[in-house]
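Q: Here it is, the structure in full.
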Amino acid sequence: MINTIEVSELTKKFGEIPVVDHISFAVKEGEVFGFLGPNGAGKTTTIRMLTGLAQPSSGKASILNYDIQSEITQIKKCIGVVPEASNLYDELSGLDNLIFMARLFGVARDERGNRAEELLKTFGLFDRKNDLFRKYSRGMKRALTIAAALVHKPSVLFLDEPTVGLDVVAARSLRNLIKNLHAQGTTIFLTTHYLEEADLLCERVAIIVKGKIVKIDNPKVLKDSSGEGNLEDAFIKITGLSPNVMVMEKGGGYNVAR
Amino acid sequence: MWRDNLRAIYYIALKDMKTYYLKPPGVSWGVVFPITWILAFYLRAPGDFRELVPGLIAMTILFSTTAAEAVVINFEMRLGSLERLLLAPVTVSAVLLGKILGGAIFGLMMTGIVTVGSIVVLGVHPHILYLSIIILISCFTFATLGALLCVFVKEVFEAQTLLNLPRFIMVFLCGVIYPASKMPVWLQYISSLMPLTYTVEGLRGSFAFSPAHIIFKDGIILSAFLSLFVFMAINRLKKKFE
């Protein structure tokens, strides 16, 4: 199978501090690839480098054989990015937001309206298409943000914490959508803190800690090799991170135990 | 590629007009504020109000073009919407030029209202071609100045504060109210370093039917400021995303 994303020794330093430290991995065509790690591990910085929002300090990466530094415009035409924040325009309606994005991505004039309405129907927002974005609920905003990333039919989709802040039903419908996109052959690069979600969706996951990839494998293999029954326990064991436990002391107050 | 960029510049400007500019706060800051300011000076020292028209137009250009740049750049930077634009297959320069175009068009609209109003109400008769050239170049120059200062800070309030410094210095030193030629020589040197001086001079020249070379000199100097501001603003924004 062809590699859609190839990353080799990719590094990003802020000053002298490496935030992403010589990471290498490949994502296969049509794969759902999870990129897991604790806060500040370098997940978002990696996505920012792969999508042209940040320049690498060293190393190489390509998406669909286009180099991220010299051919980023070609890459942007083929990828969709769902950032952690739902950052569409409050003063535009759902429909206008999608049409604006379609215009920016060069979707043909006669296709823009149909494509926007088709996405609004897919995401269950068609009845609210003329409402301003600011009037949408958090789940609806998230859904429209994802729809905006799909408006130009990208073959690779980057999802940065897509289900953060969503209720159970909205999160589940989003996971179903990811499964559908996967079934249609879209390559998906997913970062999430919800390891159950990664276990459910991803064919392979990379675990990144302090800017370095410590493990890449199938979730089942990771669980088996670490002797844990679920990915969360496997993740904690692999990363060596232990959760703090807040213990209430006698007479009030809390203490941190490990 | 250039087609993608041109399309982006146009649609970003269009979106900004709809989303930010054509709202009551933008209009009031762009038009009401300069009129009130000029009226205050007129009431303090009444004379022929027509002499204040070039200053009124210059202030309208300055305040209308710079007023919303802080919002369209810093507000979007904070929300992450600016990054969303940068995820499109267009260059950083195209995104910034789209923002500048939106500010400049808004400035042209506001200045157009004030200029036509002045001509109709006060019966002043400028050289329309000269006036149009100076207003057009000035609107782009000050929209770019607004963008340049905004890309140096993160928050909207920081941008507004930062913008007020050159705005008010220019209003006092560039001949908007008091002719620059009557100021002390050392202040004239300082005012010659500020783009508004050439806007005011060009506007006064347009109303006085000055020789063409004076107007074109002002136009060329304003264009040089414009090029410098565009270059600096694009470089600064690019650095933010390195």
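Q: Go through (1) at pLDDT 90 or above; (2) in a helix (DSSP H, G or I) and name the single condition B:Ala88 misses.
A: Result: B:Ala88 passes all but (2).
Q: Oh, and also: Please find, within the range B:1-45, the residue that is surrounded by the most Cβ atoms within 10 Å (Cβ to Cβ) out of those that are basic (Lys, Arg) and over 21 Å from B:Leu86 (Cα atoms).
A: Here is the first cut: in the range B:1-45, the residues basic (Lys, Arg) are B:3, B:7, B:15, B:18, B:23, B:44.
With over 21 Å from B:Leu86 (Cα atoms) added as a condition, the list becomes B:23, B:44.
Details: B:Lys23: 13, B:Arg44: 8.
Ranking the candidates gives B:Lys23 first.
Q: Given (1) among the charged types (D, E, K, R); (2) touching a helix residue (DSSP H, G or I) at 6+ places or on another chain (Cβ under 7 Å); (3) in contact (Cβ under 8 Å) with a residue 24 or more places away in the chain, identify the lone condition not met by A:Glu228.
A: (3)
Q: Further, regarding this structure: Look at the range A:99-128 and say how many of its residues are hydrophobic (A, V, I, L, M, F, W, C), away from chain B (no Cβ under 14 Å) and surrounded by fewer than 18 Cβ atoms within 10 Å (Cβ to Cβ).
A: Count: 1.
Q: Every residue in the range B:48-72 that is under 23 Å from B:Leu228 (Cβ atoms) and within 14 Å of another protein chain (Cβ to nearest Cβ), please.
A: Those that are under 23 Å from B:Leu228 (Cβ atoms) and within 14 Å of another protein chain (Cβ to nearest Cβ): B:Ala68, B:Val72.
Q: Same structure, new question: Can you name the residue in the range A:9-26 that is under 12 Å from A:Gln55 (Cα atoms) and in contact (Cβ under 8 Å) with a residue 12 or more places away in the chain and is also surrounded by the most Cβ atoms within 10 Å (Cβ to Cβ) among such residues? Steps first, please.
A: Just the residues of the range A:9-26 that are under 12 Å from A:Gln55 (Cα atoms), to begin with: A:10-14, A:20.
Keeping just the survivors that are in contact (Cβ under 8 Å) with a residue 12 or more places away in the chain gives A:10-13, A:20.
On the way: A:Leu10: 25, A:Thr11: 17, A:Lys12: 22, A:Lys13: 14, A:Val20: 28.
So the residue we want is A:Val20.
Q: In the range A:9-29, how many are closer than 19 Å to A:Ile79 by Cβ and in a strand (DSSP E or B)?
A: Here is the first cut: in the range A:9-29, the ones closer than 19 Å to A:Ile79 by Cβ are A:10, A:12, A:20, A:23, A:25-29.
Next cut, in a strand (DSSP E or B) only: A:10, A:12, A:20, A:23, A:25-28.
The qualifying residues number 8.
Q: Scan the range A:71-80 and tell me whether some residue there is closer than 13 Å to A:Lys12 by Cα and within 14 Å of another protein chain (Cβ to nearest Cβ). Show your work before the answer.
A: Initially, the range A:71-80 is screened for residues closer than 13 Å to A:Lys12 by Cα, giving none.
Among the residues of the range A:71-80, not one is closer than 13 Å to A:Lys12 by Cα and within 14 Å of another protein chain (Cβ to nearest Cβ), which makes the answer no.
Q: Being facing another protein chain (nearest Cβ under 9 Å) and either under 23 Å from A:Ile178 (Cα atoms) or part of a helix (DSSP H, G or I) (or both) is the filter here, so list the residues in the range A:53-70 that pass it.
A: Here is the first cut: in the range A:53-70, the ones facing another protein chain (nearest Cβ under 9 Å) are A:53-55.
Passing the criteria: none in range.
Q: Of the conditions (1) within 19 Å of B:Lys18 (Cα to Cα); (2) more than 20 Å from the chain's Cα centre (by Cα), A:Gly106 fails just one. Which one is it?
A: Condition not satisfied by A:Gly106: (1).
Q: Within the range B:125-242, which helices (runs of 4 or more DSSP H) (wholly inside it) include 1 or more residues that are of a type in the set (Gly, Ala, Ser) and without any contact (Cβ under 8 Å) to a residue 40 or more places away in the chain? Walk me through how you get there before you give the answer.
A: Details: elements: B:128-150, B:156-173, B:185-191, B:195-207, B:212-240.
Hits in the range B:125-242: B:128-150, B:185-191, B:212-240.
Q: If you go through the range A:71-87, how many residues are outside any loop (DSSP other than H, G, I, E, B) and closer than 20 Å to B:Ala94 by Cβ? Lay out the reasoning, then the answer.
A: First, pick out the residues of the range A:71-87 that are outside any loop (DSSP other than H, G, I, E, B): A:72-82.
With closer than 20 Å to B:Ala94 by Cβ added as a condition, the list becomes A:72-81.
Number satisfying all stated conditions: 10.
Q: May I ask you to say which residue of A:Asp96, A:Asp90 is within 20 Å of B:Tyr11 (Cβ to Cβ), part of a helix (DSSP H, G or I) and facing another protein chain (nearest Cβ under 9 Å)?
A: On the way: A:Asp90 fails: part of a helix (DSSP H, G or I).
Going through A:Asp96, A:Asp90 in turn, the sole match is A:Asp96.
Q: To continue, here is another question. Quick check, is A:Thr163 free of Cβ contacts under 8 Å to residues at least 60 places away in the same chain and under 24 Å from A:Gly37 (Cβ atoms)? Walk me through it before giving the result.
A: Values: free of Cβ contacts under 8 Å to residues at least 60 places away in the same chain: yes; under 24 Å from A:Gly37 (Cβ atoms): yes.
Considered against the rule, which asks whether it is free of Cβ contacts under 8 Å to residues at least 60 places away in the same chain and under 24 Å from A:Gly37 (Cβ atoms), A:Thr163 comes out as yes.
Q: Here's something else I'd like to know. Report every pair of residues separated by at least 6 positions or lying on different chains whose Cβ atoms are under 9 Å apart, first residue within the range A:136-151 and more than 13 Å from chain B (Cβ to nearest Cβ) and more than 17 Å from A:Thr186 (Cβ to Cβ), second part of a helix (DSSP H, G or I) and modelled with pLDDT of 90 or more.
A: Here the result reads A:Tyr136/A:Gly94; A:Tyr136/A:Arg128; A:Tyr136/A:Leu144; A:Met140/A:Gly94; A:Met140/A:Arg128; A:Met140/A:Phe133, each pair linking the range A:136-151 to a residue that is part of a helix (DSSP H, G or I) and modelled with pLDDT of 90 or more.
Table: residues versus (1) touching a Leu at 6+ places or on another chain (Cβ under 8 Å); (2) within 12 Å of chain A (Cβ to nearest Cβ); (3) in a helix (DSSP H, G or I).
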residue: B:Asp4; (1), (2), (3): no, yes, yes
residue: B:Ile9; (1), (2), (3): yes, yes, yes
residue: B:Ile12; (1), (2), (3): yes, yes, yes
residue: B:Lys15; (1), (2), (3): yes, yes, yes
residue: B:Pro25; (1), (2), (3): no, no, yes
residue: B:Ser28; (1), (2), (3): no, no, yes
residue: B:Val31; (1), (2), (3): no, no, yes
residue: B:Leu39; (1), (2), (3): no, no, yes
residue: B:Pro46; (1), (2), (3): no, no, no
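Q: Could you say whether any residue in the range B:106-122 is in a helix (DSSP H, G or I), buried (at least 24 other Cβ atoms within 10 Å of the Cβ) and either small (Gly, Ala, Ser) or at pLDDT 95 or above (or both)?
A: Yes.
The values are calculated or read from the model by the stated rules, or taken from the named source; none is laboratory data. Quantities reported herein were computed from a predicted structural model and do not represent experimental measurements. Don't worry about glycine lacking a Cβ; one is built from the backbone with ideal geometry, like all the others, and counts go over all protein chains shown.
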